[in-house]
Structures are given as C-alpha cells and as structure tokens.
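The values are calculated or read from the model by the stated rules, or taken from the named source; none is laboratory data. Here the structure is a predicted model, which is why all the values come from computation and not from measurement. All Cβ positions, even for glycine, are placed from backbone atoms using ideal geometry, and neighbour counts span all protein chains on display. With ligands, DNA and RNA removed, areas are computed over all heavy atoms of the protein, side chains included. Shrake-Rupley method; radii C 1.70, N 1.55, O 1.52, S 1.80 Å.
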Amino acid sequence: MYHYTEFDEAFVRERVAQFRAQVERRIDGSLTEDEFRPLRLMNGLYLQLHAYMLRVAIPYGTLNSRQMRQLALIADRWDKGYGHFTTRQNIQYNWPKLQDVPDMLDALADVGMHAIQTSGNTIRNVTADHFAGAAGDEIADPRPVAELIRQWSTDHPEFQFLPRKFKIAVTGSPNDRAVTKAHDIGLRMVRNEVGVGGFEVIVGGGLGRTPMIGEVIRDFLPQEDLLPYLEAIVSVYNLLGRRDNKYKARIKITVSETGIEEFRARVEDQFEQLRGEFGGADQELLARIEQSFAAPEFRTATFENFNAARLANPAFRAFTDTNLASHRAEGYCIVTVSLKAHGATPGDATSDQMRVLADLAETYGHDELRISHEQNVILPHVHKSDLPKVYATLREAGLATANVGLISDIIACPGMDYCALATARSIPIAQEIATRFDELKLEHEIGPLKIKISGCINACGHHHVGHIGILGLDRAGVENYQITLGGDHTETAVIGERAGPGFPADEIVPAIERLVGAYLENREDAGETFLAAYRRLGPDPFKAALYPEKETADAA
Amino acid sequence: MSRRPFTPKVVAANALLDGDAVWLTADDRWTRDMAEAELIEDEAVAEDRLIHALSQGHEVVGAYLVDAKATAEGPAPTHFREAFRTRGPSNYRHGKQADASRGL
Ligand code: SF4
C-alpha cells in the first residue's frame, strides 16, 4: 500500500489550513461567492440541489481498512451516515455543512486522503482497473504508474487552468475494466514483441455531449518515456484546446478538429523537446513507488471447505458464481461486493457497511479494498478457504447480493435527486428496474447485461457505453428517458446507438422488459450475451420490441 | 418580434451554510418553505427582486428566478426540478421532507 510522503502530507495540511481560513472569510462576509466559488471547487466542494456536496478522491480506487473506517466516521460525524461511490472512483458526501468541511478535510488528511483536483479544469483523480494487483489476466499492476501520474499532475504549475477538465485512466490488463477508451488519455500496459513493458496510449476519448472513442496515438511507448509523453500531450492540448466554447474544450474535440495525424506530430515534436528534461528522476521515483505496491504474501492452503459450502448452500453458490473473479495467486479470488441490493441506491454504502468492509479487508483481505467505476467495492485478495466466513458476514450486513454483472448491477449517477446539472432523475429508475427484474426472477437467466443511467448529457453514468444506456432528459417539463443500445466500455469499446424517441418515467421499466424479452427470444442459446446478440442481429428486433405501435402502424 | 409573455416567478437560492433550498419573501426574509415566498407577477419587479437577492451573498448562494404558480397555500412550483427542491431526494427521506416530519 502506498503511503504518502512527508511532502504530500505537508502539502495537503497546508491546503486544508488555507481552505479553513477561506471558509471563515466566506462566512464572515469578507469573501463573496464569486471569489469563494473557485476556491471551494479546488477543494472538491460543490453546491447541489438541496445541500453542498464534498467529492473525495480515492486514487486509483485503492483504500485500506483504516481509510475506509475514516470514511465511515466522516459520514457519521458530518453527514447522514452514508457515502456515495461514483464512476470516477470517488466518494461523495451529499449533506456536508459549509462550516464543517475544513474538519472533514482534516479528518481525511489524517488517513492520507484529500479532495484536491476533484473539480476544476485540472488533471482529475487518476483511475485504474479495480482488480489491479490481483487480476489473473494482468500484465502488471497499473497502480504504481497511476500514483506516479498522480504525483506529477497534483499541483502541476502549468496544468491548473487547462481548457477543460482532464481525466486519465490506466489498465494493466488486456481486458479493459478501466474504460480507457472513454478517457482524455487512456493507458494500456502492453508488452512489445521482445517482451519489454510499455504502454499503448489512447487519446481523445470521452462521453458527455459529444461521445467519442479514443484513438491510439502511440501503439508502444516505453515505460520510461511515460511522463514526458503525457506532458507533451497535455501541453499540446493546453495550447490548441478551445477556450472560447465550453462544449468544444475537451481534448476529444481538439483531436478531432486537428486530426489525429497532425495532433500526433505535434505531440511527438513536443516530446522530443521534453524528453531530456526529466533526466530519469521520475524513474527513480517510480521504482520507490513500486516497492510500496509489492504484492502481499499470499499463502498456500487448501480450500475443501469452499467447495463443500458451494454444494451445501445454493445462495453461497450463486454468490460465488457471479461475484468472484480469477486471481493471479493459486487458491485466491477477487470478491466484488455489490452496492446494488435490489431497490437500493447504486453506489451507496452506510457507515456500518463501510466498517464491515474494513473489518473484512483487515481480517481476510490483506488490508486492501478497491472501489470500482461500476460503483461496487472489491476485496481484491481473499483466500477461498475464508470465503464462507466472508460471505456470512457480508450477508448479515446486507452486502451479499449475488448480481455482479447482471441486469440489476446498474450504474446510476446521482441525477436530479442531488445534482444541480441534472435534467431528470436516475436513481429511482435504477431502483425500479432492479426491483422489477428481481420479482421476475429472471436476471440469472438473462446473464451478463450492463445498464447504465445518466441524469443528463454529461454522462457521468456512462450511458453511452452501457449495453443498454438510459439518459434522463427534460422534455417540455416532464422527465423523459432515451435509450441507447449496443454500447460497450471494454477493450472493444463502442458508443451505443440511440434507439428512438424517449419514454416517460412510468413507461421505461416496461420498455426495458420488452427489450430483454426480445433478447431472450432471439438469442442463439444461453451462452450468447445480450451484447453478442445485439451485434449479430443489429438493432431491428430490439427496436421493434421497444416501439410495437410503430411496427403495427408501418405494417398497416 | 414577439416575446414570451411573463409568467409568475419566485426568487430561489441555497442557504449559505447548509445549502438548503430557500426562497425570498415579500418582507425580504429567506424562507425554507416555498409557500411563504413572494410570488412576483411583474417582470420589472422580478428583475428588481433578483438584483436585491444577488446582494444577499452573506446569507444565500446562487439566487435565480424560477416559475411558480399561485395556490391556496401560497406559491408552488410548476417544474419538477423546483418541486424536488421543496421536498428533498426521492431515494431517502432526507432534506425538507424529513424536517417537515420532525415538525420543523
Ligand atoms: S450525468 Fe448529469 S445529472 Fe448525472 S451526475 Fe453527471 S452532471 Fe449530474
């Protein structure tokens, strides 16, 4: 586990002290809101529909038990006893009071956490594969590199006022769980023909108003060139990026307006100039960081009890069928703890649940926890022989829902229940879909299916890359939901296609049922997933199910 | 050029300390109950009241004009966004709906 250096600690403490003084001056009237707003945003504090919201970074989604307990304590002491995990591997508190925020930030600093660069036109929290350091399919742990990028980008003097926010994701596995193709920069760790490690660098991806899949700007970048190359990309963007129009300011627009060839040429040019300036200090730093990410000492033990429990307990079997992923160490597994109990708010965890997860990580999980962009919590290193006990504890805490990757494991942004930018609600739609398919007892039969819901065009809920995407809009003063089909967030990333006119709130669940019905009817066999069937059949049978009236009208 | 006819409005904002939804009353207070707000029927008055509200930065944040309609109880929201702000989120009984049930 990476521990902040003294420099980090001093920097974070100083920022909290500064912010404390700024909050005092805002409250006593010496700062106007116009003056204060950029200062609070720099510290992750937003104003939403009903209250402030504090967004806390969880770098590359990694936490230890002490940090998780502190998040619980903050939720209890200064919020309403819960937190919301987001698609950016952040946690959001929905009810902080302005005067309490400096204390919350101090409490975070006590465990080496902060809310810096969770807002503003800066390089945001660097995200990574949530199975990093554990996955069976991994080439290398991407977190040391993510940490290197975090240190390079934090308070980077040139990059505090970029044309727009800037998001970087890293994966160390060929199976992309970090949505790298929908980031401003995506990094995929690869090996070249002679087995040397480096990166495939993807640039200009993004969702939002103009969704785009990123393009490969460099198919093999040697590891030691990473920082100068990133710096080259960000500086070229800093220069070329449009500042005249907020909707055209992201790097995806810069790349598409400039053309990838020209953009690449400029980056390579800049890179040649920058390369010498780094002088290897970054590689020494990386080597030090790598040591603190050394894998835990995995034990060798038998696990007959795991197999016996699977035979004896169908609920445990269902849990192990859906919520486990393969681990690189023999006898171990990765446990995904679903924060999507049917009918619950996706991504929310109570402080009690956070403490249970912290205890489990400490006792059975080498003290590690991860937050996934799919709004679940991961215990990355659990030995199979411990799994029956882990499961029993999760179950008592309401955390044993066996639905990971299924239709009720829905991503939903906060939407108009909290978010000031929203055009419609997301959470109730997710709750209703999950509840309905639980009643139908169909989700295991349906198999892998990703529904992703956003409450506005900003697409924090990743709807464009959902197998079924749902976008909430305001149509003449009524909430209306538009469906996209066939999106994919993985290494085969695709932006979903709009299916047709939207549905009012009370018609969206029946519409999803019809869609799923069409899939079940048309799939070749149970092994063909929704996405595979959609790719084979195209949108027509699905559109016909969504809009049956139109079908009859056309036939008439 | 035809302009859209003026529709009645209230001045809305968020309270400085806790961010709760508040509305401006006729006697220049900020109320947490929209029914107590001043319903403004005249465009020039609305602009004046907004200017006044924007000078209240020591108490509220982000004042704006929003459509409202007259009811027997007082002004009420016409759009769902402002309606949510009079209640709180729909996934938990938090915010105003919880305060109301505690009799605040
Ligand atoms: S997608 Fe829109 S509504 Fe949802 S969290 Fe992002 S900005 Fe808010």
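When you go through A:L394, A:L379 one by one, which is the residue that is over 22 Å from A:A312 (Cα atoms) and either without any contact (Cβ under 8 Å) to a residue 12 or more places away in the chain or more than 16 Å from the ligand (Cβ to nearest atom) (or both)? Give the steps one after another, and end with the answer.
Details: A:L394 fails: over 22 Å from A:A312 (Cα atoms).
A:L379 is the lone residue from the list that is over 22 Å from A:A312 (Cα atoms) and either without any contact (Cβ under 8 Å) to a residue 12 or more places away in the chain or more than 16 Å from the ligand (Cβ to nearest atom) (or both).
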- Message: Just the residues that are away from chain A (no Cβ under 14 Å) and within 24 Å of B:P89 (Cβ to Cβ), please, taken from the stretch B:1-32.
- Response: B:V10, B:V11, B:L24, B:W30, B:T31
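How about the stretch A:435-454: which of its residues are within 14 Å of chain B (Cβ to nearest Cβ) and away from the ligand (no atom under 16 Å from the Cβ)? Don't jump to the end; show me each part of the working.
Initial filter on the stretch A:435-454 (within 14 Å of chain B (Cβ to nearest Cβ)): A:435, A:453.
Matches in the stretch A:435-454: A:T435 only.
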- Query: Has the stretch A:86-93 got any residue that is modelled with pLDDT under 95 and open to solvent by 30 Å² or more (accessible area, probe 1.4 Å)?
  - Reply: yes
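Output the helices (runs of 4 or more DSSP H) that fall wholly within the stretch A:1-107 and possess 2 or more residues being free of Cβ contacts under 8 Å to residues at least 60 places away in the same chain and away from chain B (no Cβ under 14 Å), or say none.
Numbers: elements: A:6-27, A:33-42, A:65-78.
Output list reads A:6-27, A:65-78.
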- For the stretch A:408-427, which residues satisfy the criterion of being more than 7 Å from the ligand (Cβ to nearest atom), more than 11 Å from A:Q48 (Cα to Cα) and open to solvent by less than 20 Å² (accessible area, probe 1.4 Å)? A:S408, A:D409, A:I410, A:I411, A:A412, A:A424, A:I427
- Query: Is at least one residue of the stretch A:472-493 closer than 30 Å to A:G204 by Cβ, open to solvent by 10 Å² or more (accessible area, probe 1.4 Å), β-branched (V, I, T) and away from the ligand (no atom under 15 Å from the Cβ)?
  - Reply: yes
- So which pairs qualify, if the first residue must be in the stretch A:219-236 and without any contact (Cβ under 8 Å) to a residue 60 or more places away in the chain, the second must be of a type in the set (S, T, Y), the Cβ gap must be under 6 Å, and the two must be at least 6 apart or on different chains? A:L221/A:Y229
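Only one of these is among the small types (G, A, S), within 30 Å of A:Y93 (Cβ to Cβ), touching a Phe, Trp or Tyr at 6+ places or on another chain (Cβ under 9 Å) and buried (at least 19 other Cβ atoms within 10 Å of the Cβ): B:A53, B:A98, B:A63, B:A68. Name it.
On the way: B:A98 fails: buried (at least 19 other Cβ atoms within 10 Å of the Cβ); B:A63 fails: touching a Phe, Trp or Tyr at 6+ places or on another chain (Cβ under 9 Å); B:A68 fails: within 30 Å of A:Y93 (Cβ to Cβ).
From the options B:A53, B:A98, B:A63, B:A68, the qualifying one is B:A53.
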- Across the stretch A:147-167, which residue is surrounded by the fewest Cβ atoms within 10 Å (Cβ to Cβ) among those that are under 20 Å from the mean Cα position of the chain (by Cα) and within 21 Å of A:R250 (Cα to Cα)? A:K165
- Message: Can you find, within the stretch A:455-468, the residue that is farthest from the ligand (Cβ to nearest atom) among those that are open to solvent by less than 10 Å² (accessible area, probe 1.4 Å) and away from chain B (no Cβ under 14 Å)?
- Response: A:I468
- Task: Within the stretch A:202-227, work out how many residues are outside any loop (DSSP other than H, G, I, E, B) and under 19 Å from the mean Cα position of the chain (by Cα).
- Result: 4
- Do you know which residues across the stretch A:251-272 are in contact with a Ser or Thr (Cβ under 9 Å, 6 or more places away or on another chain) and surrounded by fewer than 20 Cβ atoms within 10 Å (Cβ to Cβ)? A:S256, A:R266, A:Q270
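Which residue out of A:E224, A:E277 is of a type in the set (D, E), farther than 25 Å from A:T171 by Cα and in the same structural domain as A:V170 (by TED's automatic domain parsing)?
Working: A:E224 fails: farther than 25 Å from A:T171 by Cα.
After applying the criteria, what remains is A:E277.
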